[in-house]
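Reading through the structure tokens given below for one structure.
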Amino acid sequence: MKLAFVFAVFALFFACIRAGQTQAEEDEPRRPPLDNITLLWSAPFYSGGGYCSEAHDFVQGLAEIFDVGIQQHGDSYNREYVNKLQIEKRQLLGELDRRFRDVTAWGFQRGDRPIISVCHSEPGAWHPPRYSTSRCPPKIATYKVGRTMFETDRLPAAWADKITRTVDEVWVPTSFHRRIFADNGVQPWRIHVIGEAVDTEFFDKSKALPHFEWGEHVLPIFGEGQSITNPVVCKRKYVSIFKWEKRKGYDVLLQAFDAEFSKRDGACLFIKTQAYHSSLDFDKLVRDALGEARARQEEVDERERGERRERKEGGGGGKEEEEEEKDAKKKRSE
């Protein structure tokens, strides 16, 4: 496969490793040479979701240049998802899965060949795990890498300690994550930014299908006065892609979009999502979440109105605040 981004990223990263780097800490582990390695990658390959798709793209590229084995790790097996994978993808995953079992079953059989383990999941799944899952890193690993990320400006309480105790280094997708991990207790020398892989055969604009119309694949949720026959004209389009999970912040997204735009703005929010331990009735899910968002916004507005009244009664209010209140009421009515 033409996974140019994967190859470029890993070629650069591995070149840095071969060249050697100045140790920032006395206990920084010595990286093994990568001329002749076995790479054992543990991730939710058969689960669907972000970690899953990212892991697929990484191993598809790396399997062309390294000896790679994979195992299901960090999440449950999703048969419906697996059945929808392309035959070629299922065959590749099956081959790499068998390779992992061969290596771990027979142990280290190739002299001094290093075995590098990548635990591609949230650290709660790393050994010892907080829940039932496959072991990562495996006992035979000679060098251990964690691949993980988190969307917020802080880490779960146990992550920094788990990273320090379990892996030799951790890969994160962006410099934002590197800063957050370092600020929350992970040693800076242990953190490396490795961007996400891109499957350039799959993401090929020459193979793209025409845009979907409203219908089976695009569920329109119109505001008051809008319909299929009288839709809003999308002058400004926003897209958000996530599974329907509170951690992804759909409530904050809907509240912010609803507070910022009215129908006169011609703004459209397109959400590409999937169920995550939730109903498949996305019309109801969105409307319920939007209702909760509007209730929270009304609480904020009421609090601000109260503060303005207090300032006005105390002689600190003015015509400008009255105009702001009128504009806010007009926008809410739309």
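The values are calculated or read from the model by the stated rules, or taken from the named source; none is laboratory data. Note that the coordinates shown come from a computational prediction; the quantities given were computed from them, not determined experimentally. Because the Cβ atoms are built from the backbone with ideal geometry, glycine has one as well, and the counts that use them run over all protein chains shown.
Of everything in the range 144-155, what is touching a helix residue (DSSP H, G or I) at 6+ places or on another chain (Cβ under 8 Å) and not basic (Lys, Arg)? Give them in sequence order.
146, 148, 149, 150, 151, 152, 153, 155
Of the residues 250, 238, 276, which single one is touching a helix residue (DSSP H, G or I) at 6+ places or on another chain (Cβ under 9 Å), at pLDDT below 85, within 30 Å of residue 81 (Cα to Cα) and not assigned by TED's automatic domain parsing to the domain that holds residue 75?
276
Output the residues belonging to the range 127-160 that are among the small types (Gly, Ala, Ser), under 17 Å from residue 194 (Cβ atoms) and in a loop (DSSP other than H, G, I, E, B). Walk me through how you get there before you give the answer.
Of all residues in the range 127-160, those among the small types (Gly, Ala, Ser) come to 132, 134, 141, 146, 157-158, 160.
Applying the additional criterion that residues be under 17 Å from residue 194 (Cβ atoms) yields 146.
The answer is none; no residue qualifies.
What number of residues within the range 114-136 are small (Gly, Ala, Ser), surrounded by 20 or more Cβ atoms within 10 Å (Cβ to Cβ) and in contact with a His (Cβ under 7 Å, 6 or more places away or on another chain)?
Residues of the range 114-136 small (Gly, Ala, Ser): 117, 121, 124-125, 132, 134.
Checking which are surrounded by 20 or more Cβ atoms within 10 Å (Cβ to Cβ) leaves us with 117, 121, 125.
The next check asks that each one be in contact with a His (Cβ under 7 Å, 6 or more places away or on another chain); those that pass are 121, 125.
Qualifying residue count for the region: 2.
Which is at pLDDT below 95 and assigned to a helix (DSSP H, G or I), of 8, 24, 55?
Details: 24 fails: assigned to a helix (DSSP H, G or I); 55 fails: at pLDDT below 95.
From the options 8, 24, 55, the qualifying one is 8.
Which one of 328, 256 is assigned by TED's automatic domain parsing to the domain that holds residue 243, at pLDDT 85 or above, in a helix (DSSP H, G or I) and not aromatic (Phe, Trp, Tyr)?
256
Of all residues in the range 110-162, count the ones that are more than 20 Å from residue 67 (Cβ to Cβ) and either touching a Pro at 6+ places or on another chain (Cβ under 6 Å) or of a type in the set (S, T, N, Q) (or both).
Qualifying residue count for the region: 8.
Being touching a residue at least 40 places away in the same chain (Cβ under 8 Å) and out of contact with any helix residue (DSSP H, G or I) (no Cβ under 7 Å at 6 or more places or on another chain) is the filter here; which residues of the range 30-49 pass it?
Correct list: 32, 36, 37, 42, 49.
Filtering the range 49-62 down to residues that are among the small types (Gly, Ala, Ser) and surrounded by fewer than 20 Cβ atoms within 10 Å (Cβ to Cβ), which residue is nearest to the chain's Cα centre (by Cα)? Write out each step before concluding.
Of the range 49-62, the ones among the small types (Gly, Ala, Ser) are 49-50, 53, 55, 61.
Filter once more, so that each one left must be surrounded by fewer than 20 Cβ atoms within 10 Å (Cβ to Cβ): 49-50, 53.
Details: 49: 8, 50: 5, 53: 10 Å.
For the range 49-62, the residue satisfying everything is 50.
What are the pairs with Cβ atoms under 8 angstrom where one residue, in the range 59-83, is outside the structural domain of residue 49 (by TED's automatic domain parsing) and the other, located anywhere, is modelled with pLDDT of 95 or more and part of a helix (DSSP H, G or I)? Sequence gap at least six, or different chains.
none
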